1. Counting only other residues whose beta carbon sits under 11 Å from that of TRP191, what net charge do I get with K and R as +1, D and E as -1?
2. Calculate how steeply helix 446-468 sits against the longest principal axis of the alpha-carbon atoms of the chain, using the helix alpha-carbon long axis, and give the answer as 0 to 90 degrees to the nearest 10.
3. Viscosity 0.692 mPa s, temperature 37 °C: what is the translational diffusion coefficient of segment 76-197 from Stokes-Einstein with a Kirkwood Rh over Cα pairs, rounded to a whole number of µm²/s?
4. Excluding GLU389 itself, calculate the net charge of residues whose Cβ lies under 15 Å from the Cβ of GLU389, where each Lys or Arg counts +1 and each Asp or Glu counts -1.
5. Leaving out same-chain residues fewer than 8 places away, which aspartates and glutamates sit with a Cα under 13 Å from that of LYS249?
6. Report, in whole Å, the centroid distance computed from the Cα atoms of segment 30-69 and segment 399-436.
7. Relative to the longest principal axis of the C-alpha atoms of the chain, give the angle of the C-alpha long axis of helix 135-158, reported between 0 and 90° and rounded to the nearest 10°.
8. Under unit Cβ charges (Lys, Arg +1; Asp, Glu -1), what dipole magnitude, rounded to 20 debye, does segment 172-228 have relative to its Cα centre?
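Here, each number is a calculation from the coordinates, and none is a lab measurement. Note that the structure is predicted; figures quoted are calculated from it, not measured. With ideal geometry, Cβ positions are generated from the backbone for all residues, glycine too; neighbour counts draw on all protein chains shown.
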Amino acid sequence: MEIKADNSGSNSLLDGTLPPRLGRPHGSSPSVIVIGGGISGVAAARFLQNASFKVLLLESRDRLGGRIHTDYSFGCPVDMGASWLHGVCNENPLAPLIRRLGLTLYRTSGDDSVLYDHDLESCMLFDMDGHQVPQSTVAEVGDVFKKILSETEKVRNENSYDISVLQAISIVLDRHPELRQEGISHEVLQWYICRMEAWFAADADTISLKTWDQEQVLTGGHGLMVQGYYPVIEALSKDIDIRLNHRVKRITNGYNKVMVTVEDGRNFVADAAIITVPVGVLKANLIEFKPKLPEWKLSAIADLGVGNENKIALRFDNVFWPNVELLGIVAPTSYACGYFLNLHKATGHQVLVYMAAGRLAYDVEKLSDRDAADFAMRQLEKMFPDAPEPVQYLVSRWGTDPDSLGCYSYDLVGKPTDVYDRLRAPLGHLFFGGEAVCMDDHQGSVHGAYSAGIIAAEDCSRHLIKRLGSLEIAQLVSSREEILKTIVPLQISRM
Ligand SMILES: Cc1cc2nc3c(=O)[nH]c(=O)nc-3n(C[C@H](O)[C@H](O)[C@H](O)COP(=O)(O)OP(=O)(O)OC[C@H]3O[C@@H](n4cnc5c(N)ncnc54)[C@H](O)[C@@H]3O)c2cc1C
């Protein structure tokens, strides 16, 4: 077995130096350590295990899933991380697995928009005094927002340099005062900006005008995972050698081996490693690389933005809110706007989920759980003054959680064009997965992270076969191909 933990203290591996060449028993499979047990890591491990590699997955938390975190403490699944499948279509790389598992999707929007993952028809907006905003105003301001955004394209084309989306909106409003909104319409416009910020999990003054709408969103709209996302992780991770509570502190990329050191000092050695920890963790230098990462890799890590989004889930004894998918509060600034996802409509459970993105998400993390729940309740009481207290609440803290340090990546203003290529480029026997390195513009998503894991595993397996040549090529069956054989349709509860 090539993957091994070493506690002896006598082995030269312990001081971080690798032996010149470790013998490989005849016919034994190459070994790979996968670091991080989110969707990208378990997908990579699944692929390699299916292809007969020896795989060990090291995960720092006491659970798998990473930014997929389905909490069951309410007696029903509540996703505190990812909850939508963006792109309910056969081209979605996760569709075959979701089909095979028989998981239901509740389609909140049939639109491929990067602005909204829900339909405006099933959304009710209120002002700060609890008055409902007429649907006609919501629709009219929605049209104005589209017009403003289309005008920002002209601003983009005029400049060779990048600016923020917010700067571009302000230039457009200066040029076209007729697009400026007053009173409640201004507040609804801020709410649209708040929704746009939610997609990127970042404030509009940090989102790149050059790239914000360049993402190729998959078709088929946005579907909520009714049973939660965790069953996907569970299925992919079956029978893999997984070590929870193993926080990686150092990765030594040697001449012919990789040595991975975990928090308690133990070392694991393999032929290659796939790193799928969040880019926030790499930015914070929580893992030491030996030799140090080259400058081009470090600058790619530094040049990518990481957003933040948090959820405050509230469970009630009874349903006192209307049967719409989304309840929103409009306000004079996008920061003060807010919205709740109504899980009751999608799943039948009496749960509302308040969502905060960007600076607001960081501010929520400064509160205790009780105060965060009170904060969400104050928003709810603006709409429903007699709202009862929740019987249970849950609060996420993705921005300060040392195992995520942010919610997902996004393009900062002025991002160099080759950032993603540099991020995913392998280094010796190290390969990089995770949502941020995804190809095809699907960064920041579950399906993007899944694909990134598979691609890193494919690259890693090719590299090892070329180097060690000990596996039957015929054994390399892509887990994607294997799963694609299923022909069961996706189960969508709302068309
Ligand atoms: C609030 C929120 C809402 C979201 N909503 C959606 C959505 O609706 N739809 C969608 O498609 N996407 C959504 N996303 C994004 C999606 O969750 C991520 O893109 C995806 O899950 C990332 O998977 P990953 O495997 O790349 O990273 P992760 O899931 O973060 O996995 C990385 C793993 O590495 C582990 N790790 C960290 N440091 C170490 C270490 N030193 N040693 C060992 N292990 C370590 C972590 O614990 C983690 O398990 C959302 C994310 C958040 C936070």
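1. -2
2. So the helix axis and the longest Cα principal axis differ by about 20 degrees.
3. Result for D is 192 µm²/s.
4. Combined, the nearby Lys, Arg, Asp and Glu give -3.
5. Excluding near neighbours in sequence, the set is GLU59, GLU263, ASP264, GLU288, ASP403.
6. If you average the Cα positions of each part, the centres end up 18 Å apart.
7. 60 degrees
8. I would put it at about 160 debye.
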